[in-house]
Amino acid sequence: MAQRTDGRADDALRPVFFERAYLKNTYGSCLVSFGDTRVLCAVSIEEGVPNWRKSSGKGWLTAEYAMLPASTGKRTRRETNGPVGRSQEIQRLIGRSLRSVVDLNALGEITITVDCDVVQADGGTRTAAICGAWVALRDALTAWRLAGRCKGDALFGQIAAISVGMVDGRLLLDLDYHEDSRAEIDMNLVMNAHGEFVEVQGTGERATFDRARLNALLDLGLVGLEELLSLQRAALP
């Protein structure tokens, strides 16, 4: 059986690193690396909420996602008129995932913005962004609480995300770009620390799949998600 391009086992993650406090001008930041994929995640906190949220006493969390021009082999054009298509879908995914573990009622009327900028892309940018964003958000809300700006811990859970897929008939964990571009089935999974899925995105790119194969992909993803949750915890003080 042919080896993966980097020699990993089919159920192995790429080397994963979380570099916390990467930026000094934000409440929380993290440069996350999944192999050659690197995403810079930064959390800003501001007083006030969108108009539709005013007078509710509740906070809001939103996310923005972008690929830097030199993050890919061919220059990626900046979305100067706002995110469209893929970027918009990914930033909504990041926002939904993070809101699933944040108590917006405990925040008061503040807005948390999580910026995820892809510095280098080699597959799995959305899943790496979610993992790094959670680490940055954890640091930001801890700093906010210690500054006396929030009663209690508004972050009540942990989330991680991973990609799985089928390439040349083999089920693979954490696909790089070379594998993702050839995948017959491509899935992205987001899960909390209780083993509950926040989001399951699955597509038969070049093949259909039955329940048994879906279950096998979910089981494979679970292996990676458990390891990522552990790596996140290990990166924290």
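Derivation of every value follows stated rules applied to the coordinates shown; laboratory data play no part. Not measured: the values here are computed from a predicted model. No Cβ is skipped: glycine too gets one built from the backbone with ideal geometry, and neighbour counts run over all protein chains shown.
Amide H contacts under 5 Å for Ala63: Gly95, Val114, restricted to partners 5 or more places along the chain or on a different chain, H placed in the peptide plane at 1.01 Å from N.
When the Cα positions of Gly157, Ala12, Tyr22 are compared along the charge dipole of the chain, Tyr22 comes out farthest toward the positive end, with charges on each C-beta of Lys, Arg, Asp and Glu. Rounded to the nearest 10 degrees, the angle from helix 211-235 to the longest Cα principal axis of the chain is 50 degrees. In straight-distance terms, cross-link reach from Lys24 covers every one of the aspartates and glutamates whose alpha-carbon lies under 15 Å from its own, apart from those fewer than eight places away in the same chain; here that gives Asp115, Asp139. Computed from backbone phi, the HN-Hα couplings of region 95-107 come to x, 4, 5, 5, 5, 5, 10, 10, 8, 5, 5, 7, 7 Hz, rounded to whole numbers (Karplus: 6.51 cos²θ - 1.76 cosθ + 1.60, θ = phi - 60°; Gly and Pro given as x).
When DSSP beta bridges are restricted to pairs lying wholly in the chain, around 85% turn out antiparallel. Electrostatic tally near Gly57: other residues with Cβ closer than 14 Å to its Cβ, Lys and Arg +1, Asp and Glu -1, net +1. Descending by average beta-carbon neighbour count within 10 Å, the peptides 37-47, 208-218, 73-83 line up as 37-47, 208-218, 73-83, the highest first.
Ellipsoid fit via the Cα gyration tensor, region 157-214: semi-axes of 22, 13, 8 Å, each the root of five times an eigenvalue, largest first. Seen from Phe209, the other residues with C-beta closer than 13 Å to its C-beta sum to a net charge of -1, counting Lys and Arg as +1 and Asp and Glu as -1. Quick one: Debye curve from the C-alpha atoms of region 16-235, no solvent, what's log10 I(q)/I(0) at q = 0.11 Å⁻¹? For the requested q values the scattering log ratios are -0.54. Ignoring everything except DSSP H segments at least 4 long, calculate the 222 nm mean residue ellipticity for the chain; use -39,500 (n - 2.57) per segment, divide by total residues, nearest 500. After summing the helix terms and dividing by residue count, I get -9500 deg cm²/dmol.
Of all aspartates and glutamates in the structure, those lying under 15 Å Cα to Cα from Lys151, and not within fewer than 8 positions of it along the same chain, are Asp103, Glu109. Each other residue within a Cβ distance under 14 Å of Val16 adds +1 if Lys or Arg and -1 if Asp or Glu, for a net charge of -3.
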